[in-house]
1. Convex hull volume of the Cα atoms in segment 206-283, per residue, in Å³?
2. Taking R0 as 35 Å, what FRET efficiency do you get between Val280 and Asp134 from their Cβ-Cβ distance, rounded to the nearest 0.05?
3. So how much slack lies between Ala88 and Asp439, counting 0.36 nm per residue of separation and subtracting their Cα-Cα distance, in nm?
4. Can you give the extra length, in nm with one decimal, that the chain gains between Asn257 and Arg72 once fully stretched, where that is 0.36 nm per residue apart less the Cα-Cα distance?
5. Determine the calculated [θ] at 222 nm for the chain from helices alone, applying -39500 (n - 2.57) to every DSSP H run no shorter than 4 residues and normalising by the residue count; nearest 500 deg cm²/dmol.
6. Ignoring ligands, DNA and RNA, what percent of the 1.4 Å accessible area of segment 163-269 is carbon and sulfur?
7. If the chain between Glu467 and Tyr324 were fully stretched, how many nm would it gain, using 0.36 nm times the residue separation less the Cα-Cα distance?
8. With θ set to phi - 60°, apply the Karplus curve 6.51 cos²θ - 1.76 cosθ + 1.60 along segment 396-412 and write out the HN-Hα couplings as whole Hz, x wherever there is a Gly or Pro.
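The values are calculated or read from the model by the stated rules, or taken from the named source; none is laboratory data. Because the structure is predicted, anything quoted here is derived from the model rather than measured. Virtual Cβ from ideal backbone geometry, glycine too; neighbours counted across all protein chains shown. The protein model used for the area step is the full one, side chains on, heavy atoms only, and it has no ligands, DNA or RNA in it. Shrake-Rupley method; radii C 1.70, N 1.55, O 1.52, S 1.80 Å.
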Amino acid sequence: MIAMWRYHNRHHSVKKTAVVGGAAGPSIGPSVAEILQWHASGSGSPTKTAARVADAIAARGDDGTWLSVVQRDHLIAAAENIEKRPGARTLPLYGVPFGVKDSIDVEGVATTLSCPDYAYVASTTAPAVRRLLDAGALYVGKTNLDQFATGLNGTRTPYTVPRSVYGNEMISGGSSSGSALAVALGQVPFAVATDTAGSGRVPAALNGVVGFKPSRGLISTVGLVPACKSLDCISVMAGCIDDIDRVVEVMMARDDNDAWSRGPGPRHDGSDIRVGLPPVDQLEFFGDDEMRRAHLAFREQLGGTATIVDTTLEPFLAAGSLLYQGPWVAERLVEFGDFLASQPDSIHPVVREILRSGHRYTAVDAFAALQRLAELKAIVGRLWQDMDVLVVPTIGTTFTVDEVLARPIDCNTMLGHYTHFGNLLDLLGVAIPAGTTADGRPASAMLLGAALTDDTVLELAARILDEPRESPWAAAVSEFATTSEEHT
């Protein structure tokens, strides 16, 4: 197993990025498919994988990736229990290790949201995580996050502040900072994250991994402590699209306890995919010329993968401005308002001020914003008639930890420039690695689609990354259709 692991790190299609200016880049580990093959063939086993994961995490020490991990002997015991299950080797995620963002419940484990005074021990496991466990996946631990999932930078935590795998004191991104790092460091092939305003895509971009935010409702959010309940999504970080497909296929399920639950859209029909590209003068890189050049070089390559059409980014950005400059910030008070009132000093100073800002909005403000959003949704809806996927940068620039600490709100706003509008407009998105800048920083492209076009967007992502893909969407659609008939 160890020999295979080392070999994989040298030859995996994602590969470890060469050191540039002290930046190492991601070291993606074995894929879900490879781990399953090793376990099924007997050349590896869940217990060997568990030991390897525990040792890899211990070797790193406290680097801000994990907030809690299963003890080594308990992890190996859990792997042994998976091996003893009837038909274990046929399980879709047999012995595959994974992490869970610490805003999602796992029975018997503290859910902290990076706020020790808010923490509680969960009495049940979130359905999405339960489905992974039922499929044979091996729970490793809880990953770090910006407190209360409020932030896109990874610095808003009382625990160790994580850094990007690209080094040079670059931020990890957030709020799903630890989930991205656990994958980028090769410790687990996938990690469960969340995405309200870009939390599952920005850290993926800053660590060179894939971050998939599905259409809202495909994965149950029951057991997730909400940030903005009307916008929250559970998302997935992984090293490749095949891993995303395998994991999301397991996690997708109708949940009558989730008011936003819905079934998947159709499988991509094999037709040409029309990619919308906004004018270059509508793209913002905040003075980062190297990032601009990297993204434009990526755009030049798209013509051989899809049909290119012109579009506009203006209504998308207009919707994004509503998120933190409008009343949606007040929705965070539904969950955290009482805690803010009773224990304000327990909250990270930046998060505390963001929460307090929600008090200034009125019901009139909320209705005005909802009406404006409806108008923008109508405009965007017409744009989807001419394109299937919108391609933009995931982030326009990068920051160091010190830069974010000096300008926490401004830097965070810039990080969310291309992600804030996603859930407001009911879009899905996947952030994919797009090489590096000339000075060795990560470039990432974001592929966006209208709700329930997940399979089409993932198909394009796989083509761009030159991955063969066998879509699981047909089986997923069939399963949901059967479930729907049982509910009628």
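1. Details: hull volume 12.6 nm³, N = 78.
Enclosed volume per residue, from the Cα hull, is 162 Å³.
2. Numbers: r = 47 Å, r/R0 = 1.35.
So, using R0 = 35 Å, E works out to roughly 0.15.
3. Values: separation 351, 0.36 × 351 = 126.36 nm, distance 4.67 nm.
Difference between extended and current length: 121.7 nm.
4. Working: separation 185, 0.36 × 185 = 66.60 nm, distance 3.46 nm.
Residue separation times 0.36 nm, minus the Cα-Cα distance, leaves 63.1 nm.
5. On the way: 18 runs with 193 residues, N = 488.
Taking each H run of at least 4 residues, the total per residue is -12000 deg cm²/dmol.
6. Details: 960 of 2200 Å².
Summing carbon and sulfur atoms, their accessible area is 44 percent of the total for segment 163-269.
7. Values: separation 143, 0.36 × 143 = 51.48 nm, distance 3.67 nm.
This chain segment gains 47.8 nm when fully extended.
8. Rounded to whole hertz, the list is x, 6, 10, 9, 8, 4, 4, 5, 5, 4, 6, 9, x, 6, 4, 5, 5.
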